[in-house]
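The structure under discussion appears below in the form of structure tokens.
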Amino acid sequence: MKSVSNSFGSWSAAIGILTVLTLYGCQYADTPSDGVPETPAASLEAISADGLAASVQVLSHDSLEGRSPSSAGEEKTLRYLQSEFERLGFGPGVGDGFLQEVPLVSIEADPNMELVIRGEGFADTLAFGSQFVAVTERVVDAVSLEDSELIFVGYGSVAPEYDWNDYEGIDPSGKTLIMLVNDPGYATENPDLFNGRAMTYYGRWTYKFEEAGRQGAAGVLVVHDTGPAGYPWGVVERGWSGPQFALDQSGGAQLADVEGWISTDVARALFDRAGLDFDALAESAASPAFSPVPLGLTASVSIDNAIQRSVSNNIIAMLPGSERPDEFVMYVAHWDHLGRDASREGDQIYNGAYDNATGTAGLLEIAKAFAAAPEPPRRSVLLMGVTAEEQGLLGSKYYAANPVHPLEKTAAVINMDGLNIYGPTSDITVVGFGNSELDDYVAAVAEGQGRVVKPDAEPEKGFFYRSDQFSFAKQGVPAIYTDPGSVSIEHGEEWMTARKDEYTAERYHQPGDEYDPDWDLGGAIQDLQLYFMIGQRIANEDGWPNWREGNEFRARRDSMMAGS
């Protein structure tokens, strides 16, 4: 890891950044609309590559040991962020303080488990890892299924927007449910079924486990398939082995005893044992006329857990609004990363410079921009660094379930997870494009920057549901997340794609994710200016952005606002 310095020498990005400020930022700053104050040029100029780089180097320094939740690295990270927020004129966002405690629990299942499938005259034993994985979110020492009846429930979805209920006609209580990953629209490629190939909330495995728990199921087994899942079985095997972090909650959501996955090959063999054709039933599950199918088989498995509890923190800073201080615009970035692995030889520290020291440092640049404005915004601005994103969006999930500030008074959430380190682009990607009216804000600012808005190129992989904005979306709050653009102004699209692929293959979630002085932060400045202008507009207007008609989060928001 390179040492932290206040002097950065000559920057390759300097000319690109000045171009962004001159050609893009000022053009939009001179174009006020709808009574919203124009964007102050001083605010755009306050967002700087030098400042961003300095903060990234601090946050990704070896001394923070990878910013693991509930560690000495967390204490150093939060101390630094609080001091910077205070220096920039942002006050406490949690009563008289900056920290919201987040109770965490680590649950590690003993991998010496077997899944036994019984039928007429046979008992098949499946091996953990290669054929199935299973855990429990229940904070208990042990949990088990004993000859739990198996039922195939198609996609396991209850989606009123699409007049769809895969549980109709059955009582799942005490049963173990087998279901497919993703949505019917992906399987059929029918653009009129759910959201076509683009994954909806109902297609995420997290939703499927949650819904099965609400229905009273004892166990849930999702059938993995690389295409609709978006990743190979090896990702499931690695990700569901070892410690699993969760929120340490008393009561809370209703949970199935056992949550797990089986491979497609295992599912085919299991259905064959039941005298059923898995592929035919999977095809029929993509029709609204599908009915659940009992397999005439049972499942048994015992899980023994090792449990450790800890407390981590979200950090929240606030700039009070001048006219409506009880209404909020929120910027979010996760401050955590993967910590230190003492079992590794050589470099043991997962510095997380790109993921997500860049986004966390971006919060400080946004603070500078608001501080540089000649007057405060009408609505309050919240800057929140959330914990335990890498463990399953736990910090943002906790805040959304236990909001410090009312969600019905939160106009929008802007999430920053991995800023552009490859230079200015002629486009910007909105992950989950078409979900909400926030797309219109992005488009308006991007046009002023001379850029075009593009949708996510792989909507079937459900990236919108994999970062912190999703925690707020589930509760109904309009939230947006963008990826760096795909077309480098200087080098073109193929070069940009190659750089992103190189990062994913060589540095993503690896110790090699370190700060590099050769990064071209002109792209990050371009995007941070865009984020600021979006937030500045929403913080000064009277309107309330909403989800698009037909979106799965629209009803929650409408209900929330009707009661506010």
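The values are calculated or read from the model by the stated rules, or taken from the named source; none is laboratory data. Note that the structure is predicted; figures quoted are calculated from it, not measured. No Cβ is skipped: glycine too gets one built from the backbone with ideal geometry, and neighbour counts run over all protein chains shown.
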For segment 485-521, give me each residue that is small (Gly, Ala, Ser) and not in a loop (DSSP other than H, G, I, E, B). Ser488, Gly492, Ala498, Ala505
Filter segment 470-484 down to the residues that are in a strand (DSSP E or B) and not charged (D, E, K, R), then identify the one that is nearest to Asp439 (Cα to Cα). Ile480
Considering every residue within segment 538-548, establish whether at least one is among the β-branched types (Val, Ile, Thr) and in contact with a Leu (Cβ under 8 Å, 6 or more places away or on another chain). no
Residues of segment 445-482 classified as free of Cβ contacts under 8 Å to residues at least 60 places away in the same chain and within 21 Å of Leu521 (Cβ to Cβ), total: 1
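Here is a yes/no grid of residues against (1) assigned by TED's automatic domain parsing to the domain that holds Glu365; (2) at pLDDT below 95; (3) small (Gly, Ala, Ser); (4) within 22 Å of the chain's Cα centre (by Cα):
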| position | (1), (2), (3), (4) |
| --- | --- |
| Ser436 | yes, no, yes, yes |
| Asp439 | yes, no, no, yes |
| Val453 | yes, no, no, yes |
| Arg466 | yes, yes, no, yes |
| Pro478 | yes, no, no, yes |
| Thr482 | yes, no, no, yes |
| Lys500 | yes, yes, no, yes |
Return the residue satisfying two criteria in turn: it lies in segment 48-67 and is more than 25 Å from the chain's Cα centre (by Cα) and among the hydrophobic types (A, V, I, L, M, F, W, C), and of such residues it is farthest from Asp527 (Cα to Cα). Ala54
All positions within segment 521-556 that are surrounded by 24 or more Cβ atoms within 10 Å (Cβ to Cβ) and of a type in the set (Asp, Glu): Asp527
Condition check: part of a helix (DSSP H, G or I), aromatic (Phe, Trp, Tyr), touching a residue at least 12 places away in the same chain (Cβ under 8 Å) and touching a Lys or Arg at 6+ places or on another chain (Cβ under 9 Å). Does Tyr354 satisfy that? yes
I'm checking my understanding of the structure. Among residues of segment 57-88 that are hydrophobic (A, V, I, L, M, F, W, C) and in a helix (DSSP H, G or I), which one is surrounded by the most Cβ atoms within 10 Å (Cβ to Cβ)? Leu59
Need at least 3 residues that are closer than 30 Å to Ala400 by Cβ and out of contact with any Asp or Glu (no Cβ under 8 Å at 6 or more places or on another chain) per element, so show me which helices (runs of 4 or more DSSP H) inside segment 233-316 make the cut, counting only ones lying wholly within it. 233-239
Among Gly169, Gly174, Gly196, which is the only one that is in the same structural domain as Gly230 (by TED's automatic domain parsing), farther than 24 Å from Phe271 by Cα and either assigned to a loop (DSSP other than H, G, I, E, B) or hydrophobic (A, V, I, L, M, F, W, C) (or both)? Gly196
Across segment 262-277, what is the number of residues that are aliphatic (A, V, I, L, M) and more than 13 Å from Phe152 (Cβ to Cβ)? 2
Under the condition of being under 14 Å from Gly213 (Cα atoms) and of a type outside the set (S, T, N, Q), which residue from segment 167-191 is surrounded by the most Cβ atoms within 10 Å (Cβ to Cβ)? Leu177
At pLDDT below 95, within 30 Å of Val329 (Cβ to Cβ) and surrounded by 15 or more Cβ atoms within 10 Å (Cβ to Cβ): does that describe Lys461? yes
Subset of segment 317-351 [of a type in the set (Asp, Glu) and part of a strand (DSSP E or B)]: Asp326, Glu327
Out of the residues in segment 207-225 that are in a helix (DSSP H, G or I) and not aliphatic (A, V, I, L, M), state the one that is nearest to the chain's Cα centre (by Cα). Tyr207
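Let's see how each residue does on (1) within 29 Å of the chain's Cα centre (by Cα); (2) among the aromatic types (Phe, Trp, Tyr); (3) more than 23 Å from Gln100 (Cβ to Cβ):
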site	(1), (2), (3)
Trp240	yes, yes, yes
Asp248	yes, no, no
Trp261	yes, yes, yes
Arg273	no, no, yes
Pro320	yes, no, no
Glu345	no, no, yes
Could you tell me which of the residues Glu541, Glu552, Glu506 is over 24 Å from the mean Cα position of the chain (by Cα) and not β-branched (Val, Ile, Thr)? Glu541
Within segment 376-387, can one find any residue that is in contact with a Leu (Cβ under 7 Å, 6 or more places away or on another chain), buried (at least 24 other Cβ atoms within 10 Å of the Cβ), aliphatic (A, V, I, L, M) and assigned by TED's automatic domain parsing to the domain that holds Leu528? yes
Failed condition for Pro517, given (1) touching a Lys or Arg at 6+ places or on another chain (Cβ under 8 Å); (2) buried (at least 17 other Cβ atoms within 10 Å of the Cβ), with all others met? (2)
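Residue-wise test of (1) among the β-branched types (Val, Ile, Thr); (2) modelled with pLDDT of 95 or more; (3) over 26 Å from Arg273 (Cα atoms); (4) in contact with a His (Cβ under 8 Å, 6 or more places away or on another chain).
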{"site": "Leu99", "(1), (2), (3), (4)": "no, yes, yes, no"}
{"site": "Leu115", "(1), (2), (3), (4)": "no, yes, no, no"}
{"site": "Ala127", "(1), (2), (3), (4)": "no, yes, no, no"}
{"site": "Gln131", "(1), (2), (3), (4)": "no, yes, no, no"}
{"site": "Val139", "(1), (2), (3), (4)": "yes, no, yes, no"}
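Residue-wise test of (1) surrounded by 16 or more Cβ atoms within 10 Å (Cβ to Cβ); (2) assigned by TED's automatic domain parsing to the domain that holds Leu338; (3) among the aliphatic types (A, V, I, L, M).
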| position | (1), (2), (3) |
| --- | --- |
| Ala217 | yes, no, yes |
| Val223 | yes, no, yes |
| Thr226 | no, no, no |
| Leu247 | yes, no, yes |
| Ala267 | yes, no, yes |
| Ala299 | yes, no, yes |
| Asn314 | yes, no, no |
